[in-house]
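Heads up: the structure comes next, in structure tokens.
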């Protein structure tokens, strides 16, 4: 049975279904509804968990580490500035190999302060050693949180995961969502028994020791191997999820790509708009395909190389930007396709700070991409920006 | 001493450093059923160089500013599992009074069942003697340099962290000095028997940063208390503090002249007068006329 849920509610239900033991939190727009709902679940006895309202996001993720090291299943939620404040500790969560799962309401970063959607917050945490998933819908948000626990807790992985849901477009928007039955989720995730060493007075161990140059690199190499293993474990878990719940997931999802010359690559909620736009354009005979990135870390290199083989032009839709370079997804796709003559890869920076991504946006992207089929176009294209206002130095 | 092996010898802390004495005595009292959370600092760096460790109880270090938050998470997980153990945080004055004070304040305000111990050597000693909020008035550090334009060194008074914890209504707060070991042990025992958030402020010598003779460490911190500069007291649930040791009120110069970090003050009696005045004021506020 489907229920109308906002994205934040999807995330909260997923944490409840995963039977988390501890939920450390600090409120931040647009993800605040997640801790509010967990607080309610705990207060009315629906969820047997310890709820810790901390003094900052930095403390929230620190408490998550403490709880996880004591063998608890731990979830939390944050966004934007909160995630940026966690930055230092995110490296430590992954370096200590703790399977914490975090829901993110993907939101722009200051300055100027802005509460609306883009992917800058999670993209800026790309190198912290967390697995990264991006949801297109609220259903995906719920499912990905559940799967993230299974993937993160796998003995071959033991790395934390973040699942991004676009601010407001998903976090605050109702969509029909199938909430799986508790018994089926229990069967899927199993009772949580930490398969890693924990703080145990009967079996004392030292965690977070000082790693000299003699040992530090081996710890990092172990993380590299874990990320590689995660790539396979993600496939396994996605398959098992499909068998149990009937919803198919893959690291990249290809649609209309078979005969396509042009391929759009999207991440997050704008995928739906891109899909409808492409359907419309295909009726006009335009051979456009779509690739949705669900997993950003580990980056699905092999899958993309296979999918982009024989394509002429790729339009990367980046809802983020790395100043001094361009879009981050563009950079990853470019590196992935290095050494191949085709396809030509063009970057589009769109929808920063919650600017709507509409059919018009994709029309402009298509126009430049089609030009790219024939001749040369700009490498990085900022779409729907009032360049005149910037040139008049109104924005400095 | 029972359980005195829980903090093992062979660590890399300096000769004359009081930290290992503080830690060893606390663990001897808390026993095996203890989990230690350590903020980044001398204690953490010098005791856990992988693959060796000086800790024979479960021990965790996450970062500089968050020991109290990590402990909050551990305590919550234990509550969920129905387990009981002493959770003890060790943090230096920098990790506690400065960068960690927010996490500490939160932990105490939320009422977590944790004992937080601040070993206070009055500067960032691990990074090499930089001033902290707990550096006393008149101390030289590498970031409160003494010169023609600044003859005082650190011009600000020491942040009263333990009193700030009393204001939080922590269930137990005490100042301790290993040179007064009976008082020290009594307070640690009391702290471990008390439920809720507890805070112990332990003065700790640093011969490297204090520019003092390592063989005189205990004598020097003894003087910190005997001159009235580091009073020994305790407080329960935010109640008025109770003095647990009445010092001899020796001249503060005795303490200052034993340490190179105060050498410049000896040429400036007006600064020493100010220190004496501050000592007088503190004791007057607590009903003792010197």
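The values are calculated or read from the model by the stated rules, or taken from the named source; none is laboratory data. Remember, it's a predicted structure, so these values are computed and weren't measured experimentally. Reconstructed Cβ throughout: ideal geometry from the backbone, glycine too, with neighbour counts over all protein chains shown.
In the set A:339, A:353, only one residue is farther than 30 Å from residue A:247 by Cβ, within 21 Å of the chain's Cα centre (by Cα) and either assigned to a loop (DSSP other than H, G, I, E, B) or modelled with pLDDT of 95 or more (or both); that residue is A:353. Only a single criterion out of (1) over 21 Å from the mean Cα position of the chain (by Cα); (2) closer than 18 Å to residue B:174 by Cβ is not satisfied by residue B:119, namely (1).
State whether the residues of region B:1-17 include one that is outside any loop (DSSP other than H, G, I, E, B) and either free of Cβ contacts under 8 Å to residues at least 40 places away in the same chain or at the interface with chain A (Cβ under 7 Å from one of its Cβ atoms) (or both). So far as region B:1-17 goes, no, none of its residues is outside any loop (DSSP other than H, G, I, E, B) and either free of Cβ contacts under 8 Å to residues at least 40 places away in the same chain or at the interface with chain A (Cβ under 7 Å from one of its Cβ atoms) (or both). Confirm whether residue B:39 is within 9 Å of another protein chain (Cβ to nearest Cβ) and at pLDDT 95 or above. Taking the combined requirement at face value, the residue does not satisfy it.
Restricting region A:36-73 to residues that are more than 7 Å from chain B (Cβ to nearest Cβ) and within 22 Å of residue B:65 (Cβ to Cβ), the residue that is farthest from the chain's Cα centre (by Cα) is A:53.
If you go through region B:60-109, how many residues are part of a loop (DSSP other than H, G, I, E, B), more than 7 Å from chain A (Cβ to nearest Cβ) and surrounded by fewer than 24 Cβ atoms within 10 Å (Cβ to Cβ)?
Result for region B:60-109: 5.
Restricting attention to region B:115-160, the residues that are touching a residue at least 60 places away in the same chain (Cβ under 8 Å) and closer than 19 Å to residue B:201 by Cβ total 16. Just to be sure, is residue A:246 modelled with pLDDT of 95 or more, crowded, with 17+ Cβ neighbours inside 10 Å and on the phi > 0 side of the Ramachandran plot? Answer is no for this residue. Screening the candidates A:168, A:188, A:133 for the property of being at positive phi, in contact (Cβ under 8 Å) with a residue 40 or more places away in the chain and outside the structural domain of residue A:357 (by TED's automatic domain parsing) yields one hit, A:168.
Filtered by the rule that a residue be more than 8 Å from every other protein chain (Cβ to nearest Cβ) and either without any contact (Cβ under 8 Å) to a residue 12 or more places away in the chain or surrounded by 18 or more Cβ atoms within 10 Å (Cβ to Cβ) (or both), region A:204-219 gives A:213, A:214, A:216, A:217, A:218.
Here the condition is being under 17 Å from residue A:161 (Cα atoms) and not in a helix (DSSP H, G or I); of A:31, A:110, it holds for A:31 alone. Only one of the numbered conditions (1) in contact (Cβ under 8 Å) with a residue 40 or more places away in the chain; (2) touching a strand residue (DSSP E or B) at 6+ places or on another chain (Cβ under 6 Å); (3) within 10 Å of chain B (Cβ to nearest Cβ) is violated by residue A:21, and that is (2). Within this structure, residue A:161 fails the test of being over 19 Å from the mean Cα position of the chain (by Cα) and away from chain B (no Cβ under 14 Å).
Starting from residues that are over 27 Å from residue A:235 (Cα atoms) and in contact (Cβ under 8 Å) with a residue 12 or more places away in the chain, keep the ones in region A:280-318 and report whichever is surrounded by the most Cβ atoms within 10 Å (Cβ to Cβ). So that I can check it myself, show each step before the final result.
Kept after step one, since they are over 27 Å from residue A:235 (Cα atoms), are these residues of region A:280-318: A:280-287, A:312-313.
Within this subset, residues satisfying the condition of being in contact (Cβ under 8 Å) with a residue 12 or more places away in the chain are A:280-282, A:286-287, A:312-313.
Numbers: A:280: 14, A:281: 18, A:282: 15, A:286: 14, A:287: 17, A:312: 15, A:313: 23.
In this case the residue turns out to be A:313.
Criterion applied to A:33, A:83 was being touching a helix residue (DSSP H, G or I) at 6+ places or on another chain (Cβ under 7 Å), away from chain B (no Cβ under 14 Å) and under 18 Å from residue A:20 (Cβ atoms), and the one residue passing it is A:33. Residues in region B:42-59 that are in contact with a helix residue (DSSP H, G or I) (Cβ under 8 Å, 6 or more places away or on another chain) and within 7 Å of chain A (Cβ to nearest Cβ) were compared, and the one that is nearest to residue B:119 (Cα to Cα) is B:55. Scanning region A:164-207 for residues that are under 27 Å from the mean Cα position of the chain (by Cα) and either in a strand (DSSP E or B) or under 28 Å from residue A:71 (Cβ atoms) (or both) yields a count of 25. When the test is whether a residue is surrounded by fewer than 24 Cβ atoms within 10 Å (Cβ to Cβ) and either in contact (Cβ under 8 Å) with a residue 40 or more places away in the chain or within 14 Å of chain B (Cβ to nearest Cβ) (or both), residue A:103 does not pass it. When region B:251-275 is filtered for residues that are under 11 Å from residue B:228 (Cα atoms) and over 22 Å from the mean Cα position of the chain (by Cα), only B:251 remains.
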